[in-house]
Amino acid sequence: MVLTPTCPICGLKASAPIAQIRFGEKPHLPSEVALHGCADCDFAFTWPRDPPGYRDYYAAVANDAAQRHGQYRNLPQAEILADLIGSRQVQSVLDFGCGGGGLLHVLAGRFPQVDFLGFDVNANFPSDLPNLRFSDQFPPGDHDLLILSHVVEHMADIGQIQGLFGLVGEGGLVHIETPDPKLYATFPQPHFGYYVDRLHINHFSQRAILRIAPQGFDVVAGGTYAMPYALGAFYPAQYVVLRNRQGERAVPAAIEGYLRDEAPRWTAVQAELRDRKFFVYGFGDNFHRSLTPGGPLHCLEDNIIAVIDRNAAVLATDGLARFAFVEPTEVVRIDGALIVCTVSQFSKLDTFFREAYPRSEIRYI
Ligand SMILES: [Zn+2]
């Protein structure tokens, strides 16, 4: 029975095949794959997907053995990662799916104070740098930077990709680099349909990458570039860097907390003004917000002698006005009284107040 293909990311029914390609027989790999798409995820994937087959294939083949020390050709990628490591507090780096370890060799040489660990199913080889190790055992977590370089397009189990985000701690970074399908046509390779193969089983858009990222991981960098490639040509690569902010408060809770933190700042001001009569300068949002619970003028409507405003006459005729109004030119009435200024750009008003009401105390809120 042939199951209907469903999008491995969202689980919805996928499109009719975009392509169906036959290959020669190879152990563990399907000899025919169909490429399907999910418009909602902006994503394409091969079908059928057979995780055990691919797992056995990668266990048997060192996919990237040519990328050993000194032969690493993707130097633009190394520069992007060097900028990231150099500009942030990165102390430990894990390259998950490190292949021959060429990328880590370049980076470890540039950052001798940073610990680098390369993991791959075949990475049981020694390193010639003291700050670089390789392992074929699934690595422990809590790294500052996880590199997934040309890994996620090979992984059949999307849930397993999502699980890898657990390998960085709070504040840690995840760098995901994968081919950019939207640029395949811009970088045609010497062979027909080269980008549709049976090892690249996922074709991600940036949107699709963000969809598989767990909640709490935010994008901090990203882009596309021409990656130097084996055929003497370039390969379109895209990368996204995400930061683990899961420990931070969600937006609603953050705003609630912000307003809660405002209270002690203004309780003292409100208490101080409670026993005084004053003029208010500024009849905008700051003034009205100040009257609400927690604000410095809350319950102090009766302490306001009048609001100083150039349109005092007009405002006073408004039947709904809760306050008395006074023109700024009524100096005799105002000068000497406390003035509470609620105008945002009060630095510019300083001189005006000193000249117009020299005997007044000015309180900015
Ligand atoms: Zn989908």
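Read-outs throughout are calculated quantities, based only on the coordinates presented, and are distinct from any laboratory measurement. For clarity, every value in this text was computed on a predicted model and none was experimentally measured. Virtual Cβ from ideal backbone geometry, glycine too; neighbours counted across all protein chains shown.
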Inset, instruction - Calculate, in whole percent, how much of the Cα-Cα pair population of segment 63-244 lies beyond 20 Å. - result: 51 percent
Inset, instruction - Convert each backbone phi in segment 88-102 into a coupling constant with the Karplus relation 6.51 cos²θ - 1.76 cosθ + 1.60 (shift: θ = phi - 60°), then list the ³J(HN,Hα) values in order as whole Hz, x for Gly and Pro. - result: 10, 7, 9, 10, 9, 10, 10, 9, 8, x, 7, x, x, x, x
Inset, instruction - Could you grab the Rg to Rh ratio for segment 1-160? Cα atoms only, Kirkwood for Rh. - result: 1.03
Legend entry - Estimated distance in nm for a label pair at Ala321 and Ile18, the labels positioned 7 Å out from Cα along Cα-to-Cβ: 6.6 nm
Legend entry - Size-normalised alpha-carbon gyration radius of segment 209-337, reference 2.2 N^0.38 Å: 1.95
Inset, instruction - Using only alpha carbons, build the gyration tensor for segment 261-364 and give me the equivalent ellipsoid semi-axes, biggest first, whole Å. - result: 21, 17, 13
Inset, instruction - Please state the charge dipole magnitude for segment 153-264, taken about the Cα centre, from unit charges on C-beta atoms (+1 on K and R, -1 on D and E), reported in debye and rounded to the nearest 20. - result: 220 debye
Inset, instruction - For every helix of n ≥ 4 consecutive DSSP H residues, a contribution of -39,500 (n - 2.57) applies; sum these over the chain, divide by its total residues, and give [θ] at 222 nm rounded to the nearest 500 deg cm²/dmol. - result: -7500 deg cm²/dmol
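Segment 180-264: which GluC sites (Glu not before Pro) are DSSP loop and have at most 15 other beta-carbon atoms within 10 angstrom?
For GluC sites (Glu not before Pro) across segment 180-264 that sit outside H, G, I, E and B with at most 15 neighbouring Cβ atoms in 10 Å, the list reads Glu248.
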Inset, instruction - For every other residue with a beta carbon closer than 14 angstrom to the beta carbon of Val269, add +1 if it is Lys or Arg and -1 if Asp or Glu, then tell me the sum. - result: +1
Inset, instruction - On a C-alpha basis, how far is the centre of segment 199-266 from the centre of segment 295-365 in Å? Whole number, if you could? - result: 48 Å
Inset, instruction - Taking a cut-off of 17 Å between Cα atoms, list the aspartates and glutamates near Lys182, but don't count ones fewer than 8 places away on the same chain. - result: Asp40, Asp42, Glu153, Asp197
Legend entry - Relative packing of peptides 135-145, 234-244, 177-187, 265-275 - highest average C-beta neighbours within 10 Å first: 234-244, 177-187, 135-145, 265-275
Inset, instruction - With an 8 Å cut-off on Cα pairs and a minimum separation of 6 or more residues, tell me the relative contact order of the chain in percent. - result: 10 percent
Legend entry - Chain lengthening between Glu25 and Val269 when straightened (0.36 nm per residue, less Cα-Cα): 79.9 nm
Inset, instruction - State the three equivalent ellipsoid semi-axes of segment 285-342, derived from the C-alpha gyration tensor as the square roots of 5 times its eigenvalues, in descending order and whole Å. - result: 20, 15, 9
Inset, instruction - Provide the three semi-axes, in whole Å and in decreasing order, of the ellipsoid equivalent to segment 146-195 as defined by the square roots of 5 times the Cα gyration tensor eigenvalues. - result: 29, 12, 7
Legend entry - Sorted peptide list for 194-201, 113-120, criterion being average Cβ within 10 angstrom, highest first: 113-120, 194-201
Inset, instruction - Mind running the shape call on the chain? Use the C-alpha gyration tensor, a ≥ b ≥ c as the square roots of the eigenvalues: rounded below 1.5 for a/c, prolate if a/b tops b/c, oblate otherwise. - result: prolate
